[in-house]
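**Q** First the structure, then my questions, so here it is.
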Amino acid sequence: MNSVLHPDRGGVITRRRTGVVVIITAILAAGLLLPRLRPHTFNGSVMQSNTPAPSAELTSDAGRPLSLTDFRGKIVVVYFGYTFCPDLCPTTLATLDRALERMGEEADQIQVVMITVDPSRDTPEALARYLDSFNPGFVGMTGTPEDVAEVATVYGVYFEADEGTSESGYLVNHTASLVVIDQQGYLKLVLPPLIGVDELVSDLEYLV
């Protein structure tokens with residue numbers, strides 16, 4: 001009687017299972033990797049500037065000379081606002097604070113700077129108190145009305161005092177976009193007013 005040799009069925013099953021595991025692992029890896037390979041869609045206007053962003057040499061909320069170039073190596077988010085703003089400015093600053101909180105340790109690579117459009121009232125001390133109420137890491141900049149107007153002009157920011165009411169005093173109408181400068185000092189993004197936290201985090205994390 002001829003003997004019959006049976007294949008090692010256990011080995012075949014093991015190899016099949018290993019192949020399935022490899023395929024599943026590859027699919028999962030592709031699912032994680034593909035979104036990162038796709039071009040990021042920013043939530044604002046992407047700027048392709050070949051020259052560094054204007055330095056904006058003013059006075060810090062600590063009362064010392066300060067330039068935006070002093071933050072080279074970080075992503076700088078610049079907002080033009082003022083401490084007496086009734087709604088738009090506090091909303092924007094609160095959004096920035098929540099975005100940085102969501103980013104965790106990556107937030108250390110972001111610097112938020114508010115340049116006042118109301119230099120007559122926004123002294124360094126007033127700016128420091130105001131910004132500390134949102135985030136101690138936020139930095140304010142002020143100067144003479146002429147210096148502030150010059151910086152606003154080069155950044156394409158409009159502002160104009162409005163009479164307001166007897167209760168509020170005068171208000172300031174102003175451009176409320178966020179200007180983002182990259183680590184090398186180039187203007188990278190202009191984000192719309194009242195951008196959401198999710199959109200802001202998405203863009204800043206990509207730049208980091």
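**Q** Within region 96-106, identify whether any single residue is at pLDDT below 95, within 24 Å of Gly185 (Cα to Cα) and surrounded by fewer than 14 Cβ atoms within 10 Å (Cβ to Cβ), and answer yes or no.
**A** Yes, region 96-106 contains a residue that is at pLDDT below 95, within 24 Å of Gly185 (Cα to Cα) and surrounded by fewer than 14 Cβ atoms within 10 Å (Cβ to Cβ).
**Q** Checking Thr153 against (1) hydroxyl-bearing (Ser, Thr, Tyr); (2) within 23 Å of Val190 (Cα to Cα); (3) surrounded by 17 or more Cβ atoms within 10 Å (Cβ to Cβ): exactly one of these is not met. Which one?
**A** That leaves (3) as the condition not met.
**Q** Checking Asp162 against (1) among the acidic types (Asp, Glu); (2) crowded, with 16+ Cβ neighbours inside 10 Å; (3) in contact with a strand residue (DSSP E or B) (Cβ under 6 Å, 6 or more places away or on another chain): exactly one of these is not met. Which one?
**A** (2)
**Q** List pairs: first residue in region 176-204 and surrounded by fewer than 16 Cβ atoms within 10 Å (Cβ to Cβ), second residue part of a strand (DSSP E or B) and not charged (D, E, K, R) anywhere in the structure, Cβ distance under 7 angstrom, at least six positions apart or on different chains.
**A** From residues that are surrounded by fewer than 16 Cβ atoms within 10 Å (Cβ to Cβ), the pairs are Gln183/Ile75; Tyr186/Pro52.
**Q** Return the residues of region 151-175 that are touching a residue at least 12 places away in the same chain (Cβ under 8 Å) and among the β-branched types (Val, Ile, Thr); say none if nothing qualifies.
**A** Within region 151-175, Val151, Val154, Val157, Val172, Thr175 qualify.
The values are calculated or read from the model by the stated rules, or taken from the named source; none is laboratory data. In this text, all values refer to a predicted model and were calculated from it rather than measured experimentally. In this analysis, Cβ positions are derived from the backbone assuming ideal geometry, glycine residues included, and neighbour counts consider all displayed protein chains.
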